[in-house]
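Right, one structure below, let's go through it.
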Amino acid sequence: VEDLGLNGLTSITDEQAGSLSKVETLHLNALATITDEQAESLSKVEYHVELNGLTSITDEQAEILSKGHWLSLDGLTSITDEQAESLSKVENLELNGLTSLTEERAEILSWVRQLELNGLTSITDEQAESLSNTNSLALNSLSSITDEQAESLSKVGGLELNGLTSITDKQMESL
């Protein structure tokens, strides 16, 4: 199986996680916790792992999961600096549960090639400048941006700002 959805499972064994490592895309969005051994197995999934039911992970699990290509952790509402450092190694990262981000974490996460932060309802000019280093960025919960943010974000190759409810001529010209 290339793409396997098991979103009804609330738990799996370490052995089952090992078997699941053979698929290309895996959806396990009902899992609330995983072990380090399960994280190790799931990090071997070839393309995309969705673990959106996790509301927290350890620093060690972040390091282990960072070996993957595309990782969705939308259940996380916060991450540590160490977790951000580890997760910045993932090529495609979805952290849509984060509602705030420090300047330092924005800088660290800017190393992710494709980044989704659709839970953020506001960012600072400095965060926009940092995040502009990504190739693709989704900030779909922002309802407004400043002129400086528009200028910074214009450097992103693929930008999603689908939550904007208004935009100035200057911002439109920058984007």
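The values are calculated or read from the model by the stated rules, or taken from the named source; none is laboratory data. What you are looking at is a predicted structure, and each value in this text was computed from that prediction instead of being measured. With ideal geometry, Cβ positions are generated from the backbone for all residues, glycine too; neighbour counts draw on all protein chains shown. For accessibility, only protein heavy atoms count, side chains too; no ligands or nucleic acids. Shrake-Rupley method; radii C 1.70, N 1.55, O 1.52, S 1.80 Å.
Structure data summary
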{"item": "Residue in the range 75-95 that is among the hydroxyl-bearing types (S, T, Y), outside any strand (DSSP E or B), surrounded by 21 or more Cβ atoms within 10 Å (Cβ to Cβ) and within 16 Å of the chain's Cα centre (by Cα) present", "result": "yes"}
{"item": "L31 vs. criteria open to solvent by less than 20 Å² (accessible area, probe 1.4 Å) and within 15 Å of the chain's Cα centre (by Cα)", "result": "no"}
{"item": "The range 20-50: number of residues that are part of a loop (DSSP other than H, G, I, E, B), touching a strand residue (DSSP E or B) at 6+ places or on another chain (Cβ under 7 Å) and among the hydrophobic types (A, V, I, L, M, F, W, C)", "result": "3"}
{"item": "Residue that is surrounded by the most Cβ atoms within 10 Å (Cβ to Cβ) [pool: residues in the range 57-74 that are in contact with a Ser or Thr (Cβ under 8 Å, 6 or more places away or on another chain) and part of a loop (DSSP other than H, G, I, E, B)]", "result": "G68"}
{"item": "Filtered residues of the range 114-140 (kept if open to solvent by less than 20 Å² (accessible area, probe 1.4 Å), among the small types (G, A, S) and part of a loop (DSSP other than H, G, I, E, B))", "result": "G119, S132"}
{"item": "Single condition W111 does not satisfy, out of (1) part of a helix (DSSP H, G or I); (2) free of Cβ contacts under 8 Å to residues at least 24 places away in the same chain", "result": "(1)"}
{"item": "Residues satisfying the stated conditions in the range 109-147, i.e. of a type in the set (D, E, K, R) and in contact with a Leu (Cβ under 8 Å, 6 or more places away or on another chain)", "result": "E116"}
